[in-house]
């Protein structure tokens, strides 16, 4: 069984409802959600001209390989109403694969661990709640340590 750590987020429509729907669809189409973080509110990363985001980290136990998981997550995003218009722009839902087992992928459309993970407090904070002792497969540091070292100073507020 593969273990995938995901980050769900959104800042359009009803983010809390959209994150709950994403979780339900992930369980239906991808695998068992065996851990989930609290919900966190954060300012938009990369752009401050949009509403705050809600984010939640999930641990999914799946029989899917990473590429198939990504395909299904993109379909889930689309089914909830995600339209990809602009980088770092507002979105109804976003689902990222942060980590997959201890594997490393560096393909055009599949980069795991997520390359920006060490730089994003909004991702590290919920991930540390459910996987603080997990070792980043490239940096060889625990998620809790990456959070302590993160230079990103955007506020991340637990709801």
Is there a residue being touching a helix residue (DSSP H, G or I) at 6+ places or on another chain (Cβ under 9 Å), over 16 Å from residue 121 (Cα atoms) and modelled with pLDDT of 95 or more anywhere in segment 1-11?
-> yes
Please work out which residue is surrounded by the fewest Cβ atoms within 10 Å (Cβ to Cβ), limiting yourself to segment 109-150 and to residues that are more than 19 Å from residue 35 (Cα to Cα) and without any contact (Cβ under 8 Å) to a residue 12 or more places away in the chain.
-> 140
Taking segment 25-42 as the region of interest, how many residues are surrounded by fewer than 17 Cβ atoms within 10 Å (Cβ to Cβ) and more than 14 Å from the chain's Cα centre (by Cα)?
-> 5
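Filter segment 97-106 for residues that are touching a residue at least 12 places away in the same chain (Cβ under 8 Å) and either more than 14 Å from the chain's Cα centre (by Cα) or closer than 14 Å to residue 8 by Cα (or both) and give the result. Can you show your working first?
Narrowing segment 97-106 to residues touching a residue at least 12 places away in the same chain (Cβ under 8 Å): 97-105.
Across segment 97-106, the qualifying residues are 97, 98, 99, 101, 102, 103, 104, 105.
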Given segment 49-159, what helices (runs of 4 or more DSSP H) lie entirely inside it while holding 2 or more residues that are modelled with pLDDT of 95 or more and touching a strand residue (DSSP E or B) at 6+ places or on another chain (Cβ under 7 Å)?
-> 66-80, 121-131
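The values are calculated or read from the model by the stated rules, or taken from the named source; none is laboratory data. For clarity, every value in this text was computed on a predicted model and none was experimentally measured. FYI the Cβ positions are ideal-geometry reconstructions off the backbone, even for glycines, and counts take in every protein chain you see.
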